[in-house]
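What follows is calculated from the coordinates using simple rules that are stated; it is not laboratory data. Owing to the predicted nature of the structure, the values given are computational and were not obtained by experimental measurement. For neighbour counting, all protein chains shown are included, and Cβ atoms are generated from backbone atoms with ideal geometry for every residue, glycine included.
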Amino acid sequence: MDKFTRNNNPASIAVVVVIYGSKLTSCNVYNTLIKNNIDNISCLLVFDNSQTKQYEKIDLPNGKYEYVWDPSNPGLSIHYNEAARYARQHGYEWILLSDQDTTFPPEAMAEYQKALTEDLDCCLFVPIHKISGDRFLSPVRSCIWKQTTCIKPGMHKIKEYDIINSGMLIKVADFIKAGGYKEDVNLDFSDFQFIERLKRVTKNFIVLNIECIQDFSNNAEDKAKLISRFKKYCQNAANFETRSIYTKARISYLVIKHTIALSVRCKTTETFKILVKSIIKK
């Protein structure tokens, strides 16, 4: 990334997007969050993990655009950490993490910016995520056996909820103080791991009046791809760190549940072999 003049607006936001296999302008996040606020974005950081470069020139009238291509596809965590370091170096106090498949409502950016003007004592603001219909994805109350639905906007205890990466608006100073993302938990459970770290520096987070839709329609259907993806899933789970016995139990439950479901879906016992190998390596 090229160096440029340091930003002097303490409430400014660096928007972070990690893309894979698609140009930014074809992604939900661009067409619902970025495009609609192109004049108000002070910094846009795009990390491209695609095997083939997906570079596009994006003109931000009042901001800076940076693009990084990494065909090694290192996941999310390393890029989120790089974005935080970049934001700190160039004077952006906040970073907004976003997924290419997230659809944001028209008022989302205004809600984020409004939250920062209200001088709330909080380092993490998040939207509500749904998958489809009334099925809530995030934030949901932490529970081993099931996840509860319907969270109301306002302040909540961070230790009581699971929160996904996309839509997190995080204060850079607290991001770095918490240790950032654990880079060997680079995709699955990366959000769980980050929140586990963030609990060290804050007790609360705020849910904003923003309702997003997360699209999983591009998930792989090919058996070989599913198995390959599962290997990475197990490795991320094996690298997850926590002092909480309860959290360890939850992660183990989720992994076993996913292993069984994928085994049935693919009609194979290979998933169990992969799981055992990941445990032995650990």
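Summary of values
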| quantity | calculated |
| --- | --- |
| Burial ranking of peptide ranges 266-273, 231-238, 255-262 (average Cβ count within 10 Å, highest at the top) | 231-238, 255-262, 266-273 |
| Ranked packing of 63-69, 183-189, most packed first, by mean Cβ within 10 Å | 183-189, 63-69 |
| Among 189, 108, 45 - extreme Cα towards positive end, dipole of the chain, charges at beta-carbon | 189 |
| When each of 257/277; 23/225; 223/273 is checked by Cα-Cα distance, pairs over 19 Å | 23/225 |
| In degrees, nearest ten, helix 108-117 long axis to first principal axis of the chain (Cα) | 70 |
| Net charge dipole size for the chain [Lys, Arg +1 and Asp, Glu -1 on Cβ; Debye, nearest 20] | 1360 |
| Positive-pole candidate from 242, 14, 129, dipole of the chain, charges at beta carbon | 242 |
| Three-way shape label, the chain, alpha-carbon gyration tensor, a/c 1.5 | prolate |
| Beta bridge orientation in the chain: antiparallel %, DSSP, nearest 5 | 40 |
| Peptide ranges 159-166, 243-250 listed from the most packed, as the mean C-beta count within 10 angstrom indicates | 159-166, 243-250 |
